[in-house]
Amino acid sequence: MPSDHRMNDLQQATEIVRRRGMATPRTAIILGSGLGGLASEIEDPIAIRYAELPGFATSTASGHQGKLIGGKLDGVPVVVMAGRFHRYEGYDDAAVTFPLRLMAELGASRMIVSNAAGGLNPGYRVGDIVVLRDVIDWAKSPTRLGDDVTSAIDRVALASPISVVDEELLEAALQAARNADFTAHVGVYLATLGPTYETRAEYRMMRRFGIDVVGMSTAPEVRMARQLGMRVLALSMVSNVARPDIAVIANHEEVLAAGQAAAFKLRAIVAHVNQLPSP
């Protein structure tokens, strides 16, 4: 259970959002690096800066707007995080996942989370979409969860392996890709602390472990969403492909550019999944 001060922040943030007239959302959406363009398509948007919401951290990553946006997407009520928080920004898991508590409190029963990730699978290409079947979290540690952990039971629950699969949402995402005629894979995501990119030696090791994509986010959000009882669809956009035997240095500008080029793919999946009825 969250601590008293986080419960107080949650209550205040919920009241602020509801006073602004945000409708009860069906779907919570977290937009990753280079994928923020979806926010501009929300109908009748109500945007609230993170700085206005108690309990919210500050998003410092380039390309992240730092706004919570409510409205409708294709006629379906949604709440969207235009910008997320990362552990490498100095935040513990309690801070990173606080927005999930708010979105669940507002009524969202499912979460679509996206990220830009490095491709480790040699069959992937820049711009491909990977629907995540599993998430491995190398950065997790109960000691990072701060005052959000109040018992040994909470520690075990929050440090346990992350089960991502919602078969209906996964199949819906793959069907959306087929309908729109683009490539979507099913794969395994590895979350590292960041913010540095991996070395060639690390790429080789990760490939041997069966990792398909690697990034610096998503794992704590997926864990919290599952703990809150939300259905989860997690998507990675391949922003660069690892070449363990060639010295190629990735950079954040390339990540943003790849995300913008592949935005229509994410949009197609979100549109299809978002139309599914609530459980």
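Every number in this text was worked out from the coordinates using simple rules, so none of it is lab data. This one's a predicted model, so the numbers in the text were calculated from it and none came from an experiment. No Cβ is skipped: glycine too gets one built from the backbone with ideal geometry, and neighbour counts run over all protein chains shown.
Assorted remarks:
- In terms of Cα atoms, the Rg and Dmax of the stretch 36-92 work out to 12.0, 37 Å.
- J(HN,Hα) series, the stretch 65-81, from Karplus relation 6.51 cos²θ - 1.76 cosθ + 1.60, nearest Hz, glycine and proline x: 6, x, 9, 9, 10, x, x, 10, 10, 6, x, 9, x, 9, 10, 10, 8
- Charge sum, other residues only, whose C-beta stays under 12 Å from P277's C-beta, Lys/Arg counted +1 and Asp/Glu -1: +2
- Intensity falloff of the stretch 1-107 expressed as log10 I(q)/I(0), Debye formula with alpha-carbon point scatterers, at q = 0.14, 0.15, 0.18 Å⁻¹: -0.50, -0.57, -0.83
- Label-to-label distance for D4 and W138 is 4.1 nm, based on points extended 7 Å past Cα in the beta-carbon direction.
- Order by protection proxy (mean Cβ within 10 Å, highest first), peptides 89-97, 10-18, 70-78: 89-97, 70-78, 10-18
- Under 5 Å, built H, 5+ apart or other chain: amide partners of D128: V238
- Packing-based ranking of 105-116, 193-204, 178-189, 127-138 yields 105-116, 127-138, 178-189, 193-204, ordered from highest to lowest mean Cβ neighbour count within 10 Å.
- If R0 is taken as 25 Å, the Cβ-Cβ distance between E167 and R243 corresponds to a FRET efficiency of 0.15.
- Evaluated over the Cα positions of the stretch 85-135, the convex hull gives a direction-averaged projected area, one quarter of its surface, of 5.0 nm².
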